[in-house]
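Notes for the one structure printed next.
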Amino acid sequence: MRSATLLSSLAALAQLGAASYVLYDDYPMGEAFFDRWTFFTSADPTNGYVTYVDQSTAQSAGLISVDGNNSVYIGVDHTNIASGSGRQSVRLTSTSTYTHGLIILDLAHMPGSICGSWPAFWTVGADWPNNGEIDIIEGVNQQTTDAMTLHTSDNCTINNTGFTGTLSTSNCYIDAPGQSNNAGCGIDSTSTQSYGDGFNRIGGGVYATEWTSSAISIWFFPRGSIPSDITSGSPNPSGWGEPVANFAGDCDIDSHFGAQNLVFDITFCGDWAGNVWSSGSCASLASTCNDYVQNNPSAFTETYWTINSLQVYEDSSSSKAKREAKTETETGESRRQSRRRSHGIKIN
């Protein structure tokens, strides 16, 4: 039996070991939000029935906008019968990349639990899958709980411990034997407030994703239960309890995850929503997923994101190291200029 003193000491050490975060990047809300993203307009890599449009088209078609609270709307065409190439939608990729840190997303609304839809908020590294992918919010069709997943190169598996969700697959390798192609390692939330219609009924909430060398962890907080340290701008994951997902185990995180771009997208059908169409109740609506998405625009009026805020925090020790490096660089330059002056070298 451990003594109270020992337990107290261990708790104190854990607190000292926890990362302390400072704000690194605060995405501006309003029209300026879109200046921080590129609009993906190529064919959907997941073979979705979708046409991703550029910023000008998205704006004129009402697929992106800003509301009276300066929150950002990102949606899909829910007015027109879709063309043969797919329903118009938006896929945004951040111009900035991040390595380690804490991503905090406050949403008032996410795409609803709607047949044919496949929305996601995720991160991805270059040279996929060698620099990894983190799916923070993802689901298809009438799904009611969030599916969180990592996709990696070989030799990365996770343990079934340290989180409140349910493990679906443990091997993060996209070609893992015994798993569906590109299944990755997945953890499903058990809360129907975490995704789609259930999320929207409570006015949304906050997703927080912490990425360190030892683990990638995801928390979800419903609108009425957001920790005060998040709302005050001083997030402290050590006080949040067990995450919904904790990706840790026999996996060297730093060798499997490089600098990540953030991504918002809404696609339709394709490799996931389309492939499971016939196995659920959606199949009663149309013979194929593409058929339904093409001919039922009004079904997608709730297929949109409303973003209240998006912030990226970094470990304060990392921030301090960057400041010290910058100071040292500036000091070295000052010394070099001083030496040049003493030798009669002109400074431009």
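The values are calculated or read from the model by the stated rules, or taken from the named source; none is laboratory data. Predicted, not measured: the structure shown is a model, and the values here were computed from it. Positions of Cβ are backbone-derived with ideal geometry, glycine not excepted, and every protein chain shown enters the neighbour counts. The area values use the complete protein model at the heavy-atom level, side chains included, leaving out ligands, DNA and RNA. Shrake-Rupley method; radii C 1.70, N 1.55, O 1.52, S 1.80 Å.
Of the strands (runs of 3 or more DSSP E) entirely within the range 121-171, those holding at least 3 residues that are over 18 Å from the mean Cα position of the chain (by Cα) occupy 166-169. Does any residue of the range 250-268 turn out to be at pLDDT 95 or above, more than 17 Å from the chain's Cα centre (by Cα) and closer than 23 Å to Gly86 by Cβ? Scanning the range 250-268 turns up at least one residue that is at pLDDT 95 or above, more than 17 Å from the chain's Cα centre (by Cα) and closer than 23 Å to Gly86 by Cβ.
When the residues of the range 184-216 are filtered to those that are of a type in the set (D, E, K, R) and touching a strand residue (DSSP E or B) at 6+ places or on another chain (Cβ under 6 Å), the one that is most open to solvent (accessible area, probe 1.4 Å) is Asp188.
Pairs linking a residue in the range 149-163 that is without any contact (Cβ under 8 Å) to a residue 40 or more places away in the chain to a residue that is open to solvent by 80 Å² or more (accessible area, probe 1.4 Å), with Cβ atoms under 8 Å and 6 or more positions apart or on different chains, are His151/Trp128; Asp154/Asp175.
Condition check for Gln88 on (1) under 17 Å from the mean Cα position of the chain (by Cα); (2) assigned to a strand (DSSP E or B): one failure, at (1).
Candidates Ser60, Ser85: the one that is free of Cβ contacts under 8 Å to residues at least 12 places away in the same chain, of a type outside the set (Lys, Arg) and exposed (fewer than 15 other Cβ atoms within 10 Å of the Cβ) is Ser60.
Candidates are the residues of the range 143-183 that are open to solvent by 20 Å² or more (accessible area, probe 1.4 Å) and acidic (Asp, Glu); the one that is nearest to Ala259 (Cα to Cα) is Asp154. Restricting attention to the range 222-244, the residues being assigned to a helix (DSSP H, G or I) and surrounded by fewer than 19 Cβ atoms within 10 Å (Cβ to Cβ) number 8. Checked against (1) open to solvent by less than 60 Å² (accessible area, probe 1.4 Å); (2) in a loop (DSSP other than H, G, I, E, B); (3) without any contact (Cβ under 8 Å) to a residue 60 or more places away in the chain, Trp219 passes all but condition (2).
Count of the range 126-140 residues, restricted to those that are farther than 20 Å from Val206 by Cβ and either open to solvent by 10 Å² or more (accessible area, probe 1.4 Å) or among the aliphatic types (A, V, I, L, M) (or both), is 8.
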